[in-house]
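The values are calculated or read from the model by the stated rules, or taken from the named source; none is laboratory data. The structure presented is a predicted model; accordingly, all values stated were derived computationally and were not measured. When we count neighbours, we look across all protein chains shown, and the Cβ atoms used for this are built from the backbone with ideal geometry, even at glycine.
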Amino acid sequence: MHMGEHHSVPSGDSDSRGQADKFGIENKKTTANADFFSLKFLRATVILEYDPSLRAVLQFNDIANRTAGWLCSKLLKRLRALTSNPEIHSKIDSIVALKTKNQNLFHDVLLSMDDCSLSFLERETILVPYFGAKTRYCEESLTPLIGLEDFEIVKSLGYGGFSKVFLGNLSQYSR
Amino acid sequence: MINLSFPYISIARKKDTGKFYAVKQINKNESINQPTYVINERDMLLEAPEDFFSKLKYSFQTVNDNAFANLKGLILKTESYYLIMKFYLGGDFHHYILQRKSLSEKRAKECFAQILTALEVLHKNRIIFRDLKVKRSIEVH
C-alpha cells in the first residue's frame, strides 16, 4: 500500500495545504511560531489508523468551528479513497464511530457527539475505527430488541440513587 | 467485591451506533428494589422534561445473566433491571464545587435556581425528592 496515495485526492479545503509532506512534519515547522503564541493550537492533524499500513491523514485549520460528525465523515471518505479492496470497503462501511488509540474516554465521548466542536483536539491525534454490530429486530413487529449485549461497558462509575455506601466511605476517610 | 444492593452506574457504548449512555443496574434480588419502585422510576423518567432530568433512552431487564458474566467483570451476574439514560460529561455538582474550592455568589445563585426549578417541576407532578444533595446533581456545560 502506497502511503501517500491520498494526497492525490484534490480537496479545495484549507487542509490541502499539507499535500507536500506525508505526516505534516514540514507544516508543523512553518506554523510552530504561531502555535507557540496562541493558547490553543488552531491546527490539528488527525490520523485514522485502520491498520498500521492503512492510515488516513487529515490536517485542518480552525478546529473550534469543525464538528465531530464532519471529522468522522471526512476521515472515512479519505480511508475509502486509499484502497480499492472491496473487502476492506465493506468493512469500512461497518465503521459507526471513531475512538482514540490511547483510549482517552473523555475524547471518545466528545467524538461520539456529531455536533460537538473539535476544540478539545490536541495537535496530533491518532484514531482507530469503532466497528458497529447489527441491531436485532423483533420478527413480528420490526421493533429493535435492546438487551445488555447491545452495550459495551466502558467504565463503571459507582453507586447512585442511594447514598448509604457513599456516606459510609466518606466517614471512613474523614476519620 | 461489588455490593449490588444499591443501583450501580456505568458508562456503556451502544454497539450499533457507537454512542455513549449511562447504564443504571438495579439488582432484582434485593428486597429494597421492588418492581413497582423501578417501574415508578422508569415512568417518572419517561415523563420528566429533558431540561432537568437525564433522558431515559431504553429500559430492559435480564432474567439470567450467565451469558454476560464476562462483561469486563464490571457487572456481576445477577438478575437485574437496567435503565439506559443519556450520559452527561460534566461530572457531579459535588466534584464541580470541589474543583473550584468555592463558587461565586452569582454562580451559586444560578445553580441553586436551576435545582429549584427542577424541584418545582417534580412537585407539579406530585413527586417528592426525598434525598437531594450536591452529589445528585450533574453539571452540564
Counting only residues in the range B:93-135 that are outside any loop (DSSP other than H, G, I, E, B) and of a type in the set (S, T, N, Q), the one surrounded by the most Cβ atoms within 10 Å (Cβ to Cβ) is identified as B:Q114
Of B:N40, B:N66, the only residue that is at pLDDT 80 or above and assigned to a helix (DSSP H, G or I) is B:N40
Screening A:C116, A:C138, A:C72 for residues that are free of Cβ contacts under 8 Å to residues at least 24 places away in the same chain and within 14 Å of chain B (Cβ to nearest Cβ) leaves only A:C138
If we keep only residues of the range A:98-140 that are touching a helix residue (DSSP H, G or I) at 6+ places or on another chain (Cβ under 6 Å) and among the small types (G, A, S), then the residue farthest from A:K77 (Cα to Cα) is A:S119
Just one listed residue, out of B:K133, B:K106, is within 14 Å of chain A (Cβ to nearest Cβ), out of contact with any Asp or Glu (no Cβ under 6 Å at 6 or more places or on another chain) and more than 20 Å from B:K55 (Cβ to Cβ), and it is B:K133
Of those in the range B:36-54 that are surrounded by fewer than 16 Cβ atoms within 10 Å (Cβ to Cβ) and under 21 Å from A:L145 (Cβ atoms), the residue nearest to the other protein chains (Cβ to nearest Cβ) is B:R42
Within the range A:64-112, residues being crowded, with 16+ Cβ neighbours inside 10 Å and either under 13 Å from the mean Cα position of the chain (by Cα) or not in a helix (DSSP H, G or I) (or both) number 20
